[in-house]
Each structure stands twice: as structure tokens, then as C-alpha cells.
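Chemist: The structure is given below, and queries will be raised subsequently.
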Amino acid sequence: MSEAVTALDHPRCELGEGPTYDPHTDTAWWFDITGRALHEYSFSQGLSRVHALPFAASALARVDARRQALFTETGLVLRDVASGALTPLQAIEADDPETRSNDARVHPCGAMWLGTMGWDAQPGAGTIWHYRAGVLTRLFDGITITNAICFSPDGALGYFADTAKGTIFRVPLDRATGLPTGAPQIWRDRFDGGPDGAVVDAEGCLWVAVWGSASVVRYSPEGVDVARIGLPASQPSCPAFVGPKATAC
């Protein structure tokens, strides 16, 4: 696949992660984890803003027109979009200074999957959590670098990676809750680099940012490489679909 690739914005990130698009406001959001910053880009205005944070954060979800849920090094925090005011929502590994937030995504039912990892990528330090209606549930642990959390459009399948192992796993889910109904199985373990962030398109194909490969690769639901976009950056961390008609799971 040959596509024109341009830089959306110019502020440099120490560790850019967690891009997401809000179709209600035509705005893209992403984080600089180690730089403790939330980046905002308004497509309608063509303007960017950088919001300083008092903690490391890596992903967000829209709650409503006024609020966002930020996944931070100590758990979920509500952010008022207008004022930037922060309110703790749910502690996640807050008593463990060795771990931080990394990857996360919202299941079609509204539940969040949230992945942690060690600050120094300590082997097996990461965990994937499920949060829904005020209840936090541990799903999978012993992961070194949690990544590629995403879901099939119907919510019946979940995906996640351990980047350190170069493997993406797939697991059957209850579509009503986003909770697993079976054990994870290896979906693909052959990549040109480390499978990092991923999203699923309307056809159920995964778009995976492959760290170290300077590319984002589209894989069929069966794990077959069907398209590739080369990038002028060797370490892409996560893709996101952008536009009023674009959605991702």
C-alpha cells in the first residue's frame, strides 16, 4: 500500500502513546508518557495544545461532553475538558511504584481494558485489567509489555500483545460485558519488530504499529499480512483512525 504520510503536529514526544479521536469535537488526543503531557489537536481549527499533567498517563476515553477518563500511572482519573481539573476515579496498582499505565481501549459495551507494565519493562510485571460500572477485575498477568488491546467490531473477540515476546493473543469475550469466556490463544507471533498498539477496522482486520519496523501493518482476522504503510519513523507506537466517519475498536 502506498500512502502519503505527513506529520500531524510538531511537538516532539519523549514517548508518544495512546492516540484517540473524538468525532464529537473533531479532535485528536495523545500522550507523552514520560514527558507527562496530554496533546490535543483540533482539526476544525487547525490548532494544537499541550496540557501538562502531574503524572504519567498513556490513554484516555471520552466519558461525556465534559469529561475524559485518563489512564495514569496510579489508575483512572477523570479530567474536566474545559478546566483541566483532575479527580481520582479508580486506583490501579497505585501502591506499586515499579509499574505504570501503558495500553488501553474501550470495548463496544463500554468497559475498559487497561494494561500496565514495569517502568523498566521488568519481565512479567504487567497486568491487563477490566473496568466497568465501578468494578475493577484482573484479567491477565505475567505480561512484560502490555499492548495491542483492541476488539472485534461485534465485541466477541479481544486482542492483546506482549511486545517483549513478539506475540499477539486473541480471546473470546462476552459481548455484553467485555469479560473473557475462554483462555487466550496465540493469534500471531511473527513480526518484523515488536507488536505495539493496534486497532480493529470495520472488516475485523487489525492495524498494528510494529515497533522498530517503521510501519503499520494490516492483518486479516486470520493473521495474514494484507497491507503495509511505511512510515518515516522507526518506532511507531499506536495507530488511530481519524475522521467523522472513522471508528475503531
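Only the coordinates and a few stated rules stand behind these numbers; no lab work does. What you are looking at is a predicted structure, and each value in this text was computed from that prediction instead of being measured. Positions of Cβ are backbone-derived with ideal geometry, glycine not excepted, and every protein chain shown enters the neighbour counts.
Chemist: Is there any pair linking a residue in the range 153-178 that is free of Cβ contacts under 8 Å to residues at least 12 places away in the same chain to one that is assigned to a loop (DSSP other than H, G, I, E, B) and among the polar types (S, T, N, Q), with Cβ under 7 Å and at least six apart or on different chains, and which?
Modeler: Final answer for the pair search is 174/181.
Chemist: List, please: which pairs have Cβ atoms under 9 Å, are six or more places apart or on different chains, and start with a residue in the range 221-232 that is under 17 Å from residue 158 (Cα atoms) and end with one that is among the small types (Gly, Ala, Ser) and surrounded by 12 or more Cβ atoms within 10 Å (Cβ to Cβ)?
Modeler: 221/152; 221/204
Chemist: What number of residues in the range 134-182 are farther than 23 Å from residue 17 by Cβ and not in a loop (DSSP other than H, G, I, E, B)?
Modeler: Residues that pass the stated criteria total 6.
Chemist: Right, another one. Every residue in the range 199-217 that is within 19 Å of residue 232 (Cβ to Cβ) and either surrounded by fewer than 18 Cβ atoms within 10 Å (Cβ to Cβ) or out of contact with any helix residue (DSSP H, G or I) (no Cβ under 8 Å at 6 or more places or on another chain) (or both), please.
Modeler: 207, 208, 209, 210, 212, 213, 214, 215, 216, 217, listed by residue number.
Chemist: Here is a follow-up. Quick test of your reading of the structure: residue 92 fulfils all but one of (1) touching a Lys or Arg at 6+ places or on another chain (Cβ under 8 Å); (2) buried (at least 21 other Cβ atoms within 10 Å of the Cβ). Name the failing condition by number.
Modeler: Here residue 92 meets the rest and fails (1).
Chemist: Yes or no: the range 182-195 includes at least one residue that is more than 20 Å from residue 72 (Cβ to Cβ) and of a type in the set (A, V, I, L, M).
Modeler: Filtering the range 182-195 down to residues more than 20 Å from residue 72 (Cβ to Cβ) leaves 182-195.
Within this subset, residues satisfying the condition of being of a type in the set (A, V, I, L, M) are 183, 186.
Yes, the range 182-195 contains at least one residue that is more than 20 Å from residue 72 (Cβ to Cβ) and of a type in the set (A, V, I, L, M).
Chemist: With 227, 246 as the choices, which residue is of a type outside the set (Phe, Trp, Tyr), more than 19 Å from the chain's Cα centre (by Cα) and surrounded by fewer than 17 Cβ atoms within 10 Å (Cβ to Cβ)?
Modeler: Residue meeting the stated conditions: 227.
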